[in-house]
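Quick notes on the structure that follows.
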Amino acid sequence: MKKLKIILFIPLLSILFFSLNIHPQGFLKTSGIKIVDGSGNNFLLRGIGLGGWLVPEGYMLQTSSFANAAWQFRHKIETLIGVEKTDEFFKLYRSNFVTRKDVQQIAAWGFNSIRLPMHFNLLTPQDSSFIYSEEGFAIIDSLLQWCEESKIYLILDLHAAPGGQSKDNIADYNPAYLPLWEDPIAQQRTVSLWKTIAARYANKQWIGGYDLINETAYNFNTGNNQPLRDLFVKITNEIRTVDKNHIIFIEGNWYATSFDNLSPAWDVNMVYSFHKYWNGTDNNSIDYLIDLRNSTQRPLWLGESGENSNQWFTDAIKLMESYNIGWAWWTLKKVEGNNSMMFVNKPAEYDYLLKYWSGQATKPTVDYAVNALTKFAKNLNIDSCKTNSGVIDAMFRQVKTTETLPFKSLTIPGIIYAADYNIGQNGYAYKDIDYQNADNKSTWNSGGQYRNDGVDIEKCSDVLTNGYDVGWTNTGEYLNYTVNVEQTGTYNLALRVAANASGGKVLMRWDGNNIGTFIDVPATGGWTKWMSLPINNIPLTSGKHTFSLNFYFGGFNVNYVKFDLVATDVKNEVSAPLDFSLMQNYPNPFNPETVISYQLSVNSHVTLKVYDMLGNEVATLVNEEQAAGNYSINFNTTHNNQLTTNSLPSGVYFYQLRAGSFVEIKKMVLLR
């Protein structure tokens, strides 16, 4: 009798609960061109996509060459270990890929939403039309619970629709089945699936909305997007029969870039979702989308972006937020992925499977393969992953400041590895010529290792190494490091380089001042033949400083700079120069900057000025009392506050040093 009462009481509580929560606080809504929270306040979505979790993609798993789509990856595994063991692997894969701890970390980083790419066959199996899997929905339920606990919104994205909305791996297209746009049954299944999803989550306030179909890419015979619009309208109408609470996100054709015929809007709670990859980050890149927002009076959402450099991330997010456009980045984890939030370490056994599948190794035993896949699945767990701190920093801190931070704690005496330069924006933490992909062709890191900036980092085979060196150096590039000198003294430095040819030149700087003069980089015998170049008797004071490597002429690899303490009495170790002298600037001719060096035999009031051919003063580089010693001044002819004009044109100029009664003049040539 007690059992009967309990059974009857539970539905009664459920009815009471849902009757009180038909319109709970916190649902995201649209208000004109804004997304707002339950209190009507503007809400800027800052999200992360869980790519690769429920729809494994080849490039994330390093299987692109032989299994680019999810079904192909599964088929490779089934052929090797059988269906039952494959099912066990994917359960382990999914249980490790995203956990409660992942969601907690996502919230801690600063994200307020998650976009979940779903595969239809986890919810309604491929060969079981209109039959739904509670096991599949349980995955979403668990994720939603974790999102509720962390107070972040969950946006459901149908990433792989029945039949495939494109013939690409991202839609898990399988040519054994008709594409979505050629199969009326697949379209009916898509409508029914969304109604089923909406009915299940209609009253869940931490569901941020429904992203109906990811990245359609289809050439409709109508010449426009009418079939896409028609299906969207059908899905929307069915959702609204069971759920009037949640936002409907609508993606355009051709990978969410073409919105022809998708306006006017057909729902009051609708958002247009576009994707942005491998293009510019200026206003012109989104002008057509701003026009869409203005004409429809519906908000925009950048539902997917990423796969670029840290600087591109910073610039793209700054652009979005300047227009009050929320975003969701791609993606959380990838195998050896430097531009995802987390780097998944590849077990050696899994690497052997990749070699076997690509025809480079013999077939492993079933036991070996199961062990390899088990290790791989466990490495997906957050506790086994490396966080790409530079990526997170670029997305949140760097959008607000140009201040740089140390990448690692670097102490002197010791070794400063070239690849451990500061975290920050291009032009501040480092300078790299090719720092982003803005044309769907460029690469922002030729080495593709270690970090996700423009700085080209590769694996290093030198005897002494942190595993990486900086290569592909170009003229005008530089690297900045925040270092801590433990003891004041005189140091000998050794710059570790490798070069296939001579001609490279490096200038070191300390807190903005030059250390000595240029260092010539000789041909060392190859890109992996390393040589140490000495720079001796450099006085350094204890404390925090900025150390810089400046590549005046590139074309070499850099491994590290070694600092050895050779004396602690700096005054006794560093003797004053014997005479006054003014050296010829270098390089000369130059563009846009050059270095002027001089030495003083005694303490003097020093002026260093630059004049044009007519004798007009164009810059004052020094005007102060200076102690006896060696000095190097960097003269930049563009945007220099020492110039009397904004920049100097090409021409012949003179620079004059006055130090007490000593006066000397030299000529230099600027070639634009």
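Rounded to 0.05, the FRET efficiency of the Val83 and Asn294 pair, given R0 = 51 Å and the Cβ-Cβ distance, is 0.45. Where both partners of a DSSP beta bridge lie in the chain, what percent of those bridges are antiparallel, to the nearest 5? Counting only bridges with both partners in the chain, antiparallel ones make up about 70 percent. Taking 0.36 nm per residue of separation and subtracting the current Cα-Cα distance, fully stretching the chain between Ala567 and Arg100 would add 162.7 nm.
Look at Cys385, Cys147 and count the other Cβ atoms within 10 Å of each Cβ; fewest to most, that gives Cys385, Cys147. Here the simple spin-label model places points 7 Å from the Cα toward Cβ, and for Gln145 and Thr517 these points are separated by 7.2 nm. Residues Ile170, Ile33 in ascending order of nearby Cβ atoms (within 10 Å, fewest first): Ile33, Ile170. Only one of the listed values, (i) 211; (ii) 200; (iii) 158, was derived from the coordinates as volume of the Cα convex hull per residue in Å³; which label is it? Entry (i).
This model, with +1 at the C-beta of Lys and Arg and -1 at the C-beta of Asp and Glu, gives the chain a dipole about its Cα centre of some 1240 debye. Taking 0.36 nm per residue of separation and subtracting the Cα-Cα distance, full extension of the segment from Arg240 to Asn591 would add 119.9 nm. Separation of the range 473-525 and the range 183-218 by C-alpha centroid, Å? Cα centres, the range 473-525 to the range 183-218: 57 Å. Relative contact order (percent) for the range 359-506, with alpha-carbon contacts under 8 angstrom and 6 or more residues of separation? Computed over the range 359-506, the figure is 20 percent. Working from Cα pairs under 8 Å separated by at least six residues, relative contact order for the chain is 9 percent.
Pairs over the 21 Å Cα-Cα cut-off, from the set Lys101/Lys244; Lys29/Lys318; Lys101/Lys386; Lys101/Lys151; Lys505/Lys562: Lys101/Lys244; Lys29/Lys318. Entry note, the range 581-670: relative contact order of 33 percent, from Cα contacts under 8 Å with a spacing of 6+ residues. Taking label points 7 Å from Cα along the Cα-to-Cβ direction, Thr541 and Thr387 give a separation of 3.6 nm.
Over all other residues within a Cβ to Cβ distance under 12 Å of Asn68, the charged ones net out to -1, with Lys and Arg as +1 and Asp and Glu as -1. Measuring between their Cα centroids, the range 249-269 and the range 381-399 lie 32 Å from each other. Once the C-beta distance of Ser285 and Ser31 is scaled by a Förster radius of 25 Å, the resulting FRET efficiency is 0.45 to the nearest 0.05.
Could you tally the net charge around Tyr323, taking each other residue with its Cβ under 15 Å from the Cβ of Tyr323, Lys/Arg +1 and Asp/Glu -1? With Lys, Arg at +1 and Asp, Glu at -1, the net is +1.
Here the gap between Asp367 and Lys91, fully extended at 0.36 nm per residue and compared with their Cα-Cα distance, gives a gain of 97.6 nm. Under the simplified labelling scheme, the Gln584-Ser39 pair shows an inter-label distance of 7.0 nm, with each label point 7 Å from Cα along Cα→Cβ. Counted by Cβ distance under 11 Å from Thr644, the other residues give a net charge of -1, where Lys and Arg count +1 and Asp and Glu count -1. Taking the C-alpha atoms only, the angle from helix 2-20 to the longest principal axis of the chain is near 60 degrees. This ranking places Tyr277, Tyr350 by how few other beta-carbon atoms lie within 10 Å of each, fewest first, which gives Tyr277, Tyr350.
No value in this document is a laboratory result; all are computed from the given coordinates. From a predicted model like this one, the values you see are computed outputs, not experimental measurements. Glycine also receives a Cβ, built like all others from the backbone with ideal geometry; neighbour counts cover every protein chain displayed.
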